[in-house]
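The values are calculated or read from the model by the stated rules, or taken from the named source; none is laboratory data. What you see is a predicted model, and the numbers here were worked out from it, not measured in a lab. Quick reminder, even Gly has a Cβ in these numbers, built from the backbone with ideal geometry, and neighbours come from all protein chains shown.
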Amino acid sequence: MEKIRVMVVDDHEMVRRGICAYLETEDDLEVVGEAASGQTAVVMARELKPDVILMDLVMEDGTGVEASERIKRELPEVQIIILTSYIDENLIFPALEAGALSYLLKTSQAHEIADAIRLAVKREAVIEPKVATKMLRKMRDRVEYHPHNELTSRELEVLVLIGEGKTNQEIADELFIGIKTVKTHVSNVLSKLGVEDRTKAAVYAHRNNLV
């Protein structure tokens, strides 16, 4: 059986050696190269053309995102698995957008990493559960976004009172603030909601169950 050719990229030598040592015990996997930086990884990928690359995400010479993007642009057939300690959404999404297929944490079991490599050659992704949870939460937040989320607590109070049909003076009396302050809040509310007048702001408040 033809072995799966793997390249390991990590700037920590002990981590890299440990991963390589384990992978070499698997009959169907072959480590064809090691790189300690993203820049070196790009050069070696061109030469070795591995089937799968295990890519560290944060290295001294930059992030694995940049290296992944360059490799996928030049060698789209190479599958990249991010293997990192980070679950920061500011790294997760850029890494996947750069072309990485899977995203694993270094706390993963060795056999899980090996299985992810085997799945990668079939173009099947593996996402660490903690990372998947973070991704789903971010996607849900995007879906559930509403313009009124941008309002301050005071502006939200003003919007609710607008929805109740209150005049500026009535709002000022109820919130114990000056009429000029109310006008400023109303102007901010209209701007943030992207509506033209109080009537549309009131309609917005009712449609979004704020009143």
Between Glu2, Glu97, which is surrounded by fewer than 23 Cβ atoms within 10 Å (Cβ to Cβ) and within 30 Å of Arg137 (Cα to Cα)? Glu97
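Given the residues Lys134, Lys130, Lys200, Lys106, which is the only one that is at pLDDT below 95, touching a helix residue (DSSP H, G or I) at 6+ places or on another chain (Cβ under 6 Å) and not aliphatic (A, V, I, L, M)? Explain how you work it out, then say what you get.
Working: Lys130 fails: touching a helix residue (DSSP H, G or I) at 6+ places or on another chain (Cβ under 6 Å); Lys200 fails: touching a helix residue (DSSP H, G or I) at 6+ places or on another chain (Cβ under 6 Å); Lys106 fails: touching a helix residue (DSSP H, G or I) at 6+ places or on another chain (Cβ under 6 Å).
So the residue among Lys134, Lys130, Lys200, Lys106 that is at pLDDT below 95, touching a helix residue (DSSP H, G or I) at 6+ places or on another chain (Cβ under 6 Å) and not aliphatic (A, V, I, L, M) is Lys134.
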With respect to Met59, is the statement that it is at pLDDT below 95 and assigned by TED's automatic domain parsing to the domain that holds Lys106 true? yes
Are there any pairs, at least 6 apart or on different chains, whose C-beta atoms fall under 6 Å, with the first in the stretch 58-73 and more than 16 Å from Asp88 (Cβ to Cβ) and the second surrounded by 15 or more Cβ atoms within 10 Å (Cβ to Cβ) and polar (S, T, N, Q), and if so, which? Asp61/Ser37; Asp61/Gln39
How many residues are over 18 Å from Asn168 (Cβ atoms) and outside any helix (DSSP H, G or I) when one looks only at the stretch 190-209? 3
Which of the residues spanning the stretch 168-191 are charged (D, E, K, R) and closer than 14 Å to Glu157 by Cα? Glu170, Asp173, Glu174, Lys183
Checking Gln109 against (1) under 21 Å from Lys130 (Cα atoms); (2) surrounded by 15 or more Cβ atoms within 10 Å (Cβ to Cβ): exactly one of these is not met. Which one? (2)
For the stretch 156-211, enumerate the residues that are small (Gly, Ala, Ser), more than 14 Å from His146 (Cα to Cα) and surrounded by 17 or more Cβ atoms within 10 Å (Cβ to Cβ). Gly163, Ala172, Ala202
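Taking helices (runs of 4 or more DSSP H) that do not extend beyond the stretch 68-182, which have at least 3 residues that are acidic (Asp, Glu) and not assigned by TED's automatic domain parsing to the domain that holds Asp10? Break it down stepwise before answering.
Working: elements: 89-97, 110-120, 129-143, 153-163, 168-175.
Fully inside the stretch 68-182 and qualifying: 168-175.
Which of the residues that make up the stretch 95-137 are basic (Lys, Arg) and either more than 20 Å from Val78 (Cα to Cα) or free of Cβ contacts under 8 Å to residues at least 12 places away in the same chain (or both)?
Going residue by residue through the stretch 95-137, those that are basic (Lys, Arg) are 106, 118, 122-123, 130, 134, 137.
Once the filter is applied, which keeps residues that are basic (Lys, Arg) and either more than 20 Å from Val78 (Cα to Cα) or free of Cβ contacts under 8 Å to residues at least 12 places away in the same chain (or both), the stretch 95-137 yields Lys106, Lys122, Lys130, Lys134, Arg137.
At pLDDT below 95, in the same structural domain as Lys122 (by TED's automatic domain parsing), touching an Asp or Glu at 6+ places or on another chain (Cβ under 9 Å) and surrounded by 18 or more Cβ atoms within 10 Å (Cβ to Cβ): is that true of Gly38 in this structure?
Working: at pLDDT below 95: yes; in the same structural domain as Lys122 (by TED's automatic domain parsing): yes; touching an Asp or Glu at 6+ places or on another chain (Cβ under 9 Å): yes; surrounded by 18 or more Cβ atoms within 10 Å (Cβ to Cβ): yes.
Criteria met by Gly38.
For every residue, the table says whether it meets (1) among the β-branched types (Val, Ile, Thr); (2) over 15 Å from the mean Cα position of the chain (by Cα).
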| residue | (1), (2) |
| --- | --- |
| Pro50 | no, yes |
| Asp56 | no, yes |
| Gly64 | no, no |
| Lys72 | no, yes |
| Pro76 | no, yes |
| Tyr86 | no, no |
| Ile92 | yes, no |
From the set of residues in the stretch 79-94 that are in contact with a strand residue (DSSP E or B) (Cβ under 7 Å, 6 or more places away or on another chain) and of a type outside the set (A, V, I, L, M, F, W, C), which is surrounded by the fewest Cβ atoms within 10 Å (Cβ to Cβ)? Ser85
